[in-house]
Amino acid sequence: MTSPLDTPDDDWWNTKINRRESLWLGISGLWSILIFGWMSAYTRIGDQNPIGETFETSPEEFQQAISEYQSAASERDDGAIVPADTDVYIAGLQWQWLGTPVVLEAGTEYDMHLSSLDVQHGFSIRPRDSLSKHMNFQILPGYEWVLPMEFDETGTYDIVCNEFCGTGHRTMHGTLEVVEEL
Amino acid sequence: MTLLTSDDDYDDEGFRTCSVTGLDIHQTAEGPVKLFGLTAVIAMLIGGIFALTVATTRWEVIGLLGPGDFYQHLTLHAWNLLIFWMVFMEIAILYVGGPMVLGRRLPLTIAAKAGWVLMVVGALVINVSVFTAGGFPNENAPLLTGYVPLESPPAFYAGVVVFILGAVVAALPFFLTLWRERREFPSRSLPLVAFGAFITSIIAFEALVGGLIAFVYALLWRIDVLGSVDAAFYRQMYWTIGHGSQQINLAAMVTVWYFLTHVVGGAEVVSQKVSRTAFILYLFFINLGAAHHLMSDPVVSSGWRLFNTSYAFYGAAFASMIHAFAIPAGLEAGRRKRGKGGGLLGWLTSAPWTNPVFSATIFSIILFGFVGGITGVVMGQMQVNMTWHNNFATVGHFHGTVAVGTTLAFMGLVFFVIRTMFKRQLAFPRLASLQPYFYAGAMGIAVLMMMYVGLLYGIPRRTVSIVQNIPGTNFDFAAAAPLFAILGVFAILAIVAGAAFLLVAVASLLVGDRVTSPADNADLVPDGGAEDEGKPLHAYEMRGTFFFVLIFMAVFVLSYVANWWFLSELWSVGL
């Protein structure tokens with residue numbers, strides 16, 4: 001019987017498969033392996049990987065780390081933070097991005113230390129003049145994520161929160177400025 | 001409740017033979033199927049009302065709601081449509097796929113009733129607690145996810161626990177049915193639809209256990225039994241049910257595809273071996289997909305992410321591609337066998353396109369595959385996920401799977417149940433016939449717009465009035481406004497099409513002509529039941545299907561390449 005509502009014939013396992021179906025099994029199987037292979041290879045050969053070290057922390061500890069970072073950093077005339085070295089600290093806090101605005105240099109690899117001091121937030125960043133270029137990361141309280149980033153284009157980058165974090169969620173915004181040379 | 005228990009044609013043992021499917025249906029199974037189906041339709045009505053308020057808020061030209069109300073409405077939209085409409089339908093599908101297909105009675109009917117009561121109580125508690133939540137700081141709307149440590153009303157978490165327990169209890173009679181079948185016929189294979197329902201039930205069980213862990217954990221924290229919560233642990237457990245429940249939808253929907261293409265289109269199973277293997281792959285691998293939500297997260301290692309997001313080397317995506325061939329091929333071969341398939345696509349053009357059960361099923365298959373399926377795999381690639389995570393494109397993905405794919409299949413199933421179990425003709429037959437076209441078209445376009453605003457403009461999901469104005473900065477997303485206009489119009493049209501479904505369904509139940517004899521439902525039987533036992537099924541041509549899957553693969557490859565190109569244009573990030 002070939003109805004999906006009936007008990008199949010006893011030898012259903014040995015019934016032949018149509019050659020086009022076999023061919024499709026081959027094509028889709030090959031494609032499955034290929035896309036896994038590419039994703040895996042890209043962690044080695046690609047420049048964009050959401051991979052960084054995670055450290056357990058607490059809101060108090062991270063707050064402390066930010067304070068130390070900010071006192072070591074200098075401040076530009078407009079109040080933007082200029083980090084002392086290549087470590088950059090940004091924390092989500094209902095409803096602002098602590099550690100912004102910050103000024104970075106194009107072509108330098110920074111370690112972005114990301115965490116939250118209260119609830120979960122979404123770190124969503126894009127250059128202002130090119131909205132289609134965006135990256136989005138989940139930010140968790142209790143965990144510090146160190147993501148290396150190297151910007152190659154100068155300009156203003158806007159950071160919005162894209163994880164719901166309470167009534168004021170939509171107002172949560174910060175900027176990062178990338179300049180040719182600091 | 002006469003609607004649910006009209007029993008004039010059962011024999012002495014409580015069985016009747018369905019004139020459309022030929023199944024022996026016992027009255028103990030039929031009542032619960034109707035009850036769960038009807039409850040699902042009511043959930044759809046509630047969720048649909050909130051769809052309207054959500055859509056008209058995000059279309060900022062209207063901008064209906066402020067932030068406080070919006071998050072509540074969004075939560076209710078999600079829970080009623082994504083969870084209650086789906087899960088009530090799925091319990092009904094288990095009772096169809098188990099007792100009805102096997103020609104058995106539903107055992108333990110008390111569990112079916114108790115499960116239904118628990119699920120309804122849970123759903124009501126969730127709805128009321130969200131609707132009356134006070135807002136910031138400790139009664140935030142939970143949205144679908146209830147991400148800790150953002151605090152929502154404790155009753156919400158309790159309601160979820162009750163609902164999940166109800167679903168487990170309601171599934172027990174199904175498991176017992178299969179147990180008894182195996183005891184009675186130890187060496188007999190299950191029919192494919194029953195097999196699919198069985199796989200669905202195991203996937204569901206895993207998801208529900210994960211959900212219990214997540215929500216009991218959150219509840220204990222909310223009522224101060226636990227002093228603190230771990231956001232990463234919660235995310236991992238939450239997504240066991242959060243994405244697992246969508247895998248239940250998938251497996252149930254695929255089962256419904258095999259069922260409905262057969263009963264109203266004349267499809268047959270071209271290879272039991274291949275289709276069953278695909279279900280087995282689902283069983284082993286599909287729930288790993290829960291990891292899709294943790295691709296852009298800290299904490300989980302990249303090896304863990306690569307293995308899980310790929311369902312262990314794409315075992316489950318491979319399975320879906322198998323069904324993508326097997327189901328249309330079943331239709332093609334089944335129809336060719338009965339002389340209904342001239343040329344490349346004659347089997348399709350000669351199909352019963354005016355029957356909404358058929359058209360809804362076919363649109364579900366096409367749109368789920370092309371829109372929901374492809375995007376799911378592409379956005380589930382670990383690196384590509386950075387450009388999808390939490391933006392509107394994600395919303396587009398799951399509307400492609402659930403709102404277009406699964407919902408259309410279930411709409412078709414509801415129409416079918418109205419005809420064959422409630423024994424009513426569809427009211428407004430012309431509208432009923434057009435409804436799947438209208439819904440698939442409008443929702444399909446709305447879904448594409450959701451993806452475009454997400455990918456091309458990086459518009460966040462789950463937020464309110466952000467396009468025109470973000471308070472405190474001169475930055476905005478106004479460039480996306482034209483696409484939002486298209487999205488707004490088509491979202492509203494899709495909601496109207498959804499309302500047309502409800503109108504037809506409810507009017508049919510209340511005032512539809514009664515189906516009194518097999519002749520009244522004869523139009524549902526494909527080609528009047530024409531049979532031609534010719535050569536074995538695998539020997540029939542499947543080139544029409546092959547043509548379609550090649551188009552599918554081309555679109556898949558193009559989307560894949562486009563998304564990776566898009567990603568490679570970004571600045572460098574990561575180790």
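Where a number appears in this text, it was derived from the coordinates with a stated rule and is not lab data. Note that this is a predicted model, so its numbers are computed, not measured. Counting neighbours? That spans all protein chains shown, and the Cβs are built from the backbone with ideal geometry, glycine included.
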**Message:** Given contacts defined as C-alpha pairs under 8 Å and at least six residues apart, what's the relative contact order of chain B, whole-number percent?
**Reply:** 15
**Item:** Under-5 Å amide H pairs with B:Ile470, H placed in peptide plane, nonlocal only
**Value:** none
**Prompt:** Short version: ³J(HN,Hα) in whole Hz for each residue of region B:350-359, in order, from phi by Karplus 6.51 cos²θ - 1.76 cosθ + 1.60 (θ = phi - 60°), x for Gly and Pro, what are they?
**Reply:** 8, 6, x, 5, 7, 7, x, 5, 6, 5
**Complete:** Taking r as the C-beta separation of B:Val555 and B:Ala481 and R0 as 35 Å, the FRET efficiency to the nearest 0.05 is 0.80
**Asked** Normalized C-alpha radius of gyration of chain B, against 2.2 N^0.38 Å?
**Response** 0.95
**Message:** Can you work out the Karplus-derived ³J(HN,Hα) for every residue in region A:143-149? Use 6.51 cos²θ - 1.76 cosθ + 1.60 with θ = phi - 60°, whole Hz, and x for glycine or proline.
**Reply:** 10, 9, 10, 9, 10, x, 9
**Message:** From the Cα trace of region B:138-208, what convex hull volume per residue do you get, rounded to a whole Å³?
**Reply:** 90
**Item:** Whole-Å semi-axes of the ellipsoid equivalent to the protein assembly as shown (Cα gyration tensor, √5λ, descending)
**Value:** 47, 28, 23
**Message:** Give the lysines whose C-alpha is closer than 19 Å to that of B:Lys340, dropping any in the same chain fewer than 8 places away, or say none.
**Reply:** B:Lys535
**Prompt:** Taking amide hydrogens as modeled 1.01 Å from N in the peptide plane, which residues meet the under 5 Å criterion relative to A:Cys161, leaving out close sequence neighbours?
**Reply:** A:Met172
**Asked** Going by how many other Cβ atoms sit within 10 Å of their own, how do B:Ser517, B:Ser187 line up, fewest first?
**Response** B:Ser187, B:Ser517
**Asked** Which listed residue (B:Pro153, B:Phe163, A:Gly52) has the Cα farthest towards the positive end of the charge dipole for the protein assembly as shown, taking +1 on Lys and Arg C-beta and -1 on Asp and Glu C-beta about the Cα centre?
**Response** B:Phe163
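Could you work out how much longer the chain between A:Ala72 and A:Asp47 gets when fully extended? Use 0.36 nm per residue separation minus the Cα distance between them, nm to one decimal.
6.0 nm
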**Asked** Got a sec to turn the phi values of region B:566-573 into Karplus ³J(HN,Hα) couplings, 6.51 cos²θ - 1.76 cosθ + 1.60 with θ = phi - 60°, whole Hz, x for Gly and Pro?
**Response** 3, 5, 5, 7, 7, 5, 7, 8
**Message:** Please compute the length gained on full extension between B:Phe284 and B:Asp224, using 0.36 nm multiplied by the number of residues separating them and subtracting their Cα-Cα distance.
**Reply:** 17.9 nm
**20 Å cut-off, amide nitrogen to a point 7 angstrom out along B:Asp9 Cα→Cβ, residues in region B:417-447** = B:417-427
**Asked** Taking the Cα centre of region A:2-119 as origin and charging only Cβ (+1 Lys, Arg; -1 Asp, Glu), how large is the dipole, in debye to the nearest 20?
**Response** 820
**Request:** Enumerate the residues in region B:474-517 having an amide nitrogen under 18 Å from the point lying 7 Å beyond the Cα of B:Ile62 toward its Cβ.
**Result:** B:481-502
**Asked** If each of B:Phe205 and A:Thr154 carries a label point 7 Å out from its Cα toward its Cβ, how far apart are those two points in nm?
**Response** 6.4
**Request:** Just the Kirkwood number for region B:461-575, please: inverse of mean 1/r across all distinct Cα pairs, in Å, one decimal.
**Result:** 21.8
**Message:** Below 29 Å, Cα to Cα, which lysines can B:Lys34 reach? Residues fewer than 8 away in the same chain don't count.
**Reply:** B:Lys113, B:Lys423
**Request:** Quick one: work out the % antiparallel among DSSP beta bridges in region A:53-179, nearest 5.
**Result:** 70
**Proximal aspartates and glutamates relative to B:Lys337, as straight alpha-carbon distance under 13 Å, when same-chain residues fewer than 8 apart are discounted** = B:Glu268, B:Asp527, B:Glu531, B:Asp532, B:Glu533, B:Glu541
**Request:** Quote to one decimal, in nm, the extra length available between B:Ala522 and B:Trp304 on full extension: 0.36 nm per residue of separation minus the C-alpha distance between them.
**Result:** 73.1 nm
**Message:** Nothing charged except the Cβ atoms of Lys and Arg (+1) and of Asp and Glu (-1): what's the magnitude of the dipole of chain B about its Cα centre? Round to the nearest 20 debye.
**Reply:** 600
**Complete:** Cα gyration tensor of region B:215-261 diagonalised, 5x eigenvalues square-rooted, in angstrom largest first, produces semi-axes 35, 10, 4
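Give the peptides B:556-566, A:128-138, B:255-265, B:69-79 in descending order of average Cβ contacts within 10 Å, highest first. Numbers along the way, then the final one.
On the way: B:556-566: 15.7, A:128-138: 19.5, B:255-265: 26.3, B:69-79: 23.3.
In decreasing order of mean packing, B:556-566, A:128-138, B:255-265, B:69-79 become B:255-265, B:69-79, A:128-138, B:556-566.
Based on DSSP, what percent of beta bridges with both residues in the protein assembly as shown are antiparallel, to the nearest 5?
Details: 39 of 52 bridges.
In the protein assembly as shown, DSSP labels about 75 percent of beta bridges as antiparallel.
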**Request:** Please pull out the direction-averaged projected area of chain A, using the convex hull of its alpha-carbon atoms, in nm² to one decimal place.
**Result:** 17.2
**Asked** Shape of region B:263-305 from its Cα gyration tensor (a ≥ b ≥ c, root eigenvalues): rounded if a/c is under 1.5, otherwise prolate when a/b > b/c, or oblate?
**Response** prolate
**Fill in**
Per residue of B:450-459, other chain Cβ atoms within 10 Å number on average 3
